[in-house]
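As structure tokens, the structure follows; a few thoughts come after it.
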Amino acid sequence: MNSNQQPVITTRGISRTYQQGPVDVRAVDGVDLSILPGEFTALVGPSGSGKTTLLNLIGGLDRPTAGEVVIDGTRLNDLDENALIQFRLHHIGFVFQAYNLIPVLSAAENIEFIMLLQKASAKERRTRTQQLLKDVGLEKLGHARPTQLSGGQQQRVAVARALASKPAFVLADEPTANLDSHTAESLLDVMEQLNRDEGMTFVFSTHDPRVIARARRVVTLVDGRIDSDEA
Amino acid sequence: MNALWWTLAWRNLWRNKRRTVITAGSAFFAVFFAVVMQSVTYGVFGKMIEDMARLSTGHVQVQDSLYLAEPTPDHSLELDAARLAEAQKIDGAMAVMPRLEAIVLASSGDRSTPVQVIGIEPAAEDSVNRFTERIRSGGQYFGEPRADLPEAVVGAALGDQLGLSPGDTLFTIGQGYHGVPAYGRFRVAGLLELGNPELSKRLVYVQLADAQHAFRMEGRVTGVVCMADPAADLEDVQAELAALFPDQAARLWSDLMPDLEQTLEGKLAGNYIILFILYLIIGFGLFSTVLMMMSERQKEFGILISVGTGRRTLAAMVYLEVALLGLLGVGLGSLAVWPFLEYFDANPVQLRGDLRELHEQYGLEPILPVMIEPFIFFNQAAVVLGMALTVGLYPLRVLKRLDILKASRS
């Protein structure tokens, strides 16, 4: 990793406070974090430690109550709702715990959908979809609907979908939580290979020791604060 | 719009097949029943207007401009044979016939009653009204002209009231042109079964020339009646007649029989109330489907926005789904009802029992006619589709306010 590189993700003193009845709950509390391009980082910590909230803040799905988030040189705090959606579309790939593919579209169409939102040409969409299916080892299952795929296969499609927009990085929220051990390992292989071969940055929130074992950087959160940051 | 959007919308429709079938089915039946109802209503009204126009005013009538307010011989018009011939050639004019109408007192023996004498051209009127088929047995329509007395064909009910039979003499007294007394003496050629009891009690048909002579109105008539082709636009025919008779008024049947028009409008208003209730039920059905659809797919919408789908894009996608749902029902409903009505147009429902008797009594064919006009299909389909498109606005509101984090966790 080159230390002269500009971080792709920077958070400066970000906090997120929720109102829970009469009590203010600080889910993320003054987190400073920088992620460089090409990192393979796991955000870990016990339930309620703020992993998912931090991921949501980095992904522009939620707004910090204090501090700032800078992605690829753009300060997310300055973007309005529509600009934020566009920013997510072009800069951030998402992988969710429950895959969340569009059930009525085939694997290929799910991947193509993101490029359609980006107004990519038909030729580009077709070519890139085939390449991504190949990258995740599903080149023969492009026509299959999500219900015809196993959990692991669906999550691979979700990874391909996350990469479809050529994002600056991929945020994955507990990506292996619903997968058996073998499938989880296989999915991690795919992501690791994409990270290694294409330099794609991955940030995971996870409890899964298999993911933690593979991560090259592990950031541990406790009570919304960074407890440790080990590379 | 890219094909994938259409694919997505169409496939989303069938995610819950049963619900889509039920919802599209409700739109289907709404269109089907609304079109049938309106088609029968317009069919019956059309026939009623047609019958009344044939016997009474015509579809369009050229009159002196003051005749409508004050129907006296003084407000008659000079019959110009050349213009009459021109009027026959108007596009959409099926028959153009001069008439002279006057209210007189008629008597026979010691009985008398007010009647309406109508001077007609017998052959032309017969071609429109088929009077020869309605003459009560023992009489005739108009026979060969005879030197002694002019002939009259009398409404059967009037004939019965005055005790008239073919060959009897009918006396009339009234007011002619410029107030001169007008006496008439006619030999009854036949009694005419007009069906409509009101008309049967008051109509006396005589030849136009005899009426002109009796009322001292040589060369004049009170109106030129035009029966239009069923496919013709009455307002076009009216405009052409108005252009041909610039000094007179060309009036539509609705101006000449305002009571009939109001009655029909009243009945149509009743229909609209029924249709409104039907639409309301269908509208709520559509709305409940959209509500359920939005509720079930909160998470999906949250995820789609998370990965970069603009709220407007998503709203357009959902709107397309609802529009397709509406179009499906409306399209199939319109397609199904068309052959259904074509069948009943070719094979009208024959009325039975009291309704049949009532129709026959009024000289009307005892059938339930239907009207097949594009506007009926278009109007009903447009209303149902419009409802679907209005209901489709609800998701726009939901998507605009959607909290993506809450939705994604739902």
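Summary of computed values
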{"read-out": "Net charge dipole size for chain A [Lys, Arg +1 and Asp, Glu -1 on Cβ; Debye, nearest 20]", "value": "680"}
{"read-out": "Computed [θ] at 222 nm, deg cm²/dmol, chain A (DSSP H ≥ 4; -39,500 (n - 2.57); rounded to nearest 500)", "value": "-11000 deg cm²/dmol"}
{"read-out": "Share of pairwise Cα separations in the range B:122-232, more than 25 Å, in percent", "value": "23"}
{"read-out": "Check: the protein assembly as shown dipole with +1 on Lys, Arg Cβ and -1 on Asp, Glu Cβ, in debye", "value": "3360"}
{"read-out": "The range B:160-274: relative contact order as a whole-number percent, Cα under 8 Å and 6+ apart", "value": "16"}
{"read-out": "Residue (of A:186, A:127, A:167) at the positive-pole extreme of the range A:114-206, dipole from beta-carbon charges", "value": "A:127"}
{"read-out": "Burial ranking of peptide ranges A:181-188, A:46-53, B:186-193 (average Cβ count within 10 Å, highest at the top)", "value": "B:186-193, A:46-53, A:181-188"}
{"read-out": "Average partner coverage of A:98-109, which counts Cβ from other chains inside 10 Å", "value": "4"}
{"read-out": "Options B:211, B:323, B:4, ranked by Cα towards positive dipole end of chain B, top entry (Cβ charges)", "value": "B:4"}
{"read-out": "Helical mean residue ellipticity (222 nm; -39500 (n - 2.57) per DSSP H run of 4+; nearest 500) of chain B", "value": "-17500 deg cm²/dmol"}
{"read-out": "Alpha-carbon Debye profile of the range B:38-152, log10 I(q)/I(0) at 0.12, 0.19, 0.23 Å⁻¹", "value": "-0.61, -1.35, -1.49"}
{"read-out": "Backbone HN-Hα couplings from phi across the range B:308-313 [Karplus 6.51/-1.76/1.60, Hz, Gly and Pro as x]", "value": "x, 7, x, 4, 5, 4"}
{"read-out": "Residue-wise HN-Hα coupling along the range B:110-124, computed from phi with Karplus coefficients 6.51, -1.76, 1.60 (Hz; x: Gly, Pro)", "value": "9, 10, 9, 7, x, 9, 10, 8, 10, x, 10, 9, x, 5, 5"}
{"read-out": "Total charge dipole magnitude, the range B:65-247, about the Cα centre, Cβ charges on Lys, Arg, Asp, Glu only, Debye to nearest 20", "value": "780"}
{"read-out": "Karplus 3J(HN,Hα) series, Hz, for the range B:173-188 with 6.51 cos²θ - 1.76 cosθ + 1.60 (x for Gly, Pro)", "value": "9, x, 10, x, 4, 6, x, 5, x, 10, 9, x, 9, 10, 9, 6"}
{"read-out": "Shielding by partners - mean other protein chain Cβ count within 10 Å, residues of A:152-162", "value": "0"}
{"read-out": "For the protein assembly as shown, with +1 on Lys and Arg beta carbons and -1 on Asp and Glu, the positive-most of B:67, B:347, A:146 along the dipole", "value": "A:146"}
{"read-out": "Cα long-axis angle, helix B:3-13 against chain B (0 to 90 degrees, to the nearest 10)", "value": "80"}
{"read-out": "Ranked packing of B:285-295, B:341-351, most packed first, by mean Cβ within 10 Å", "value": "B:285-295, B:341-351"}
{"read-out": "Shielding by partners - mean other protein chain Cβ count within 10 Å, residues of B:290-300", "value": "1"}
{"read-out": "Filter on A:51/B:406; B:47/B:267; A:119/A:166 - keep pairs with C-alpha separation over 21 Å", "value": "none"}
{"read-out": "Residues whose placed amide H lies under 5 Å from that of residue A:201, excluding near-sequence neighbours", "value": "A:38, A:170"}
{"read-out": "Cross-link reach list, aspartates and glutamates versus residue B:299, counting only Cα pairs under 15 Å and skipping chain neighbours closer than eight places", "value": "B:403"}
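Read the figures in this text as sums done on the coordinates, not as results from a lab. Fair warning: this is a prediction, and the values are worked out from it, not measured in the lab. FYI the Cβ positions are ideal-geometry reconstructions off the backbone, even for glycines, and counts take in every protein chain you see.
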